[in-house]
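Working notes for the structure below.
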Amino acid sequence: MSRAAAPLAISDGQREVLETLAGSQAAHRVVQRAQVLLLAADGVSNSEISEVVGVSRPTVLSWRGQFEKDGLIGFGEVAKGRGRKPSISDEKVAEIVDLTLHSKPEGETHWSCRSMATRAGVSSASVQRIWSARGLKPHLVKTFKLSNDHHFEDKLIDVVGLYLNPPDQAVVLCMDEKSQIQALDRTQPSLPMKKDRAGTMTHDYKRHGTTTLFAALNVLTGTVIGRCLPRHRNTEFLKFLRTIDREVPKGLQVHMILDNYATHKHPNVKKWLDSHPRFHLHFTPTSSSWLNLVERWFREITDKAIRRGVFHSVNDLITAIEDYLEANNGNPKPFVWTATAEQILAKVARGRVTLQQV
């Protein structure tokens, strides 16, 4: 048996740092070095450490000696003159970054690894490494729109206030319609998932009609009041308001967050609201559907119950939606709003400044 060297002396703080590095996604060499020092601190022999960690015994001795001398100062840094030499000059890297940010390939909208590799005279793998190191993603583009609502700030503060500080003796509901949900049937039977093969379905389909889902998400509990109706006029909206009126206990005020769709402001709706004073409508700013949490729930039902569904009729589609509603309400999970109105307004202000500079 190998004679164990004296345990390496490390402080509690140093041990905590080394344990974090040893279980992290840091460079493999850094992880190995942390493991070596922890084992050395536990009194394991250098030979055993070498076998366990997979480095040579001289490397173990070198790392121990350096730690005894410098502690964690410069830990993980490659000594000058050591390590792999860069195959691409700093000037070439700067050129690739500049081309990526300020130009486009001829006849195309954005660079790809291969088109940039051809233009810069390097490998596509090198381009990918350069882009990854700098967080550049030419293949991605995100959409956005800043609201032009003249009352944006007032409406934002109103809605966010309901999320962060809901009123007592009241229920806060996020309401909207998911219109024109298509009952799509596939032209051929789908194949089930099996080992080494994903489930399949044909790309083409048959249309069997549409339905509109009216949904009101309870912000506090995550439960959803939902009803499928053939259209989304003020007539259907009034039917849904009556459904909400029946399902929400009479002793509670009803605060509803919804968008500026004309149906929600129809004279017939206003007349009904006048006779039901416990209902209070709060309108989101225009072009700000992201403020309505029910939109997040719509994404859930689309991904989990509609997009991959096969429906032979509208009734099949409605049944699937109702099944999802029942499952959701049996085990509801509310979406928690955390951003304050001040944080959102500051972000919007930065966005407006950036647009003015373009």
Quiz item: Comparing Asn331, Asn46, Asn268, which has the greatest mean-square fluctuation in the GNM of the chain with Cα pairs linked when under 10 Å apart?
Solution: Asn46
Quiz item: Summing +1 for each Lys or Arg and -1 for each Asp or Glu, what net charge is found among the other residues whose Cβ lies under 13 Å from the Cβ of Leu273?
Solution: +3
Quiz item: With N residues in region 143-280, what two-decimal value do you get for its Cα radius of gyration over 2.2 N^0.38 Å?
Solution: 1.37
Quiz item: What's log10 of I(q)/I(0) for region 215-295 at q = 0.18, 0.19, 0.23 Å⁻¹, Debye sum over Cα points only, no solvent?
Solution: -0.80, -0.91, -1.38
Practice problem: May I ask you to derive the relative contact order of region 90-134, considering only C-alpha pairs under 8 Å and at least 6 residues apart, and to give it as an integer percent? | Solution: 35 percent
Practice problem: Give the calculated FRET efficiency between Ser56 and Ala262 to the nearest 0.05, with a Förster radius of 56 Å applied to their Cβ-Cβ distance. | Solution: 0.15
Practice problem: Could you line up Met175, Met201 from fewest to most neighbouring Cβ atoms inside 10 Å? | Solution: Met201, Met175
Quiz item: What residue among Leu146, Leu38, Leu99 has the largest mean-square fluctuation in a Gaussian network model of the chain, using Cα springs under 10 Å?
Solution: Leu38
Quiz item: Short version: what are the Cα gyration tensor semi-axes of region 90-134, square root of 5 times each eigenvalue, largest first, in whole Å?
Solution: 15, 11, 10
Practice problem: Run the quick spin-label model on His150 and Thr200: label points 7 Å from Cα toward the beta carbon, then report their separation in nm to one decimal. | Solution: 5.9 nm
Quiz item: Between Ser123 and Leu220, how many nm apart are label points set 7 Å from Cα along the C-beta direction?
Solution: 6.1 nm
Quiz prompt | Exposure proxy ranking, count of Cβ atoms within 10 Å, fewest first, for Glu236, Glu68 | solution = Glu68, Glu236
Practice problem: Note down the net charge around Gly121, summing +1 for each Lys or Arg and -1 for each Asp or Glu among other residues with Cβ under 11 Å from its Cβ. | Solution: +1
Quiz prompt | Neighbour-limited loop hits for chymotrypsin sites (Phe, Trp or Tyr not before Pro), region 140-242 (at most 14 other Cβ within 10 Å; DSSP other than H, G, I, E, B) | solution = Phe144
Quiz item: Helix 314-330 versus the longest principal axis of the chain: what is the Cα-based angle in degrees, 0 to 90, to the nearest 10?
Solution: 60 degrees
Quiz prompt | Most mobile listed residue (Ala41, Ala216, Ala198) in the chain, GNM with C-alpha springs under 10 Å | solution = Ala41
Quiz item: Once Rh is set to the Kirkwood radius over Cα pairs, what Stokes-Einstein translational diffusion coefficient, in µm²/s, holds for region 210-258 at a temperature of 37 °C and a viscosity of 0.692 mPa s?
Solution: 283 µm²/s
Quiz item: Taking the Cα-to-Cβ direction at Thr20 and at Ser190 and moving 7 Å from each Cα, how far apart do the two end points lie in nm?
Solution: 4.6 nm
Quiz item: Where Rh denotes the Kirkwood radius from the mean inverse Cα pair distance, what is Rg over Rh for region 12-70?
Solution: 0.93
Exercise. Multiply the residue gap between Arg207 and Ala339 by 0.36 nm, knock off their C-alpha separation, and tell me the result in nm, one decimal place.
Key: 43.5 nm
Quiz prompt | DSSP loop trypsin sites (Lys or Arg not before Pro) with at most 16 other Cβ within 10 Å excluded, longest remaining stretch of the chain | solution = 4-79
Quiz item: Percent of alpha carbon pairs in the chain separated by more than 40 Å?
Solution: 49 percent
Self-check item: Relative contact order of the chain, pairs being alpha-carbon contacts under 8 Å that are 6 or more residues apart, as %
Solution: 15 percent
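Where a number appears in this text, it was derived from the coordinates with a stated rule and is not lab data. Note that the structure is predicted; figures quoted are calculated from it, not measured. We place every Cβ from the backbone using ideal geometry, glycine too, and count neighbours over all the protein chains shown.
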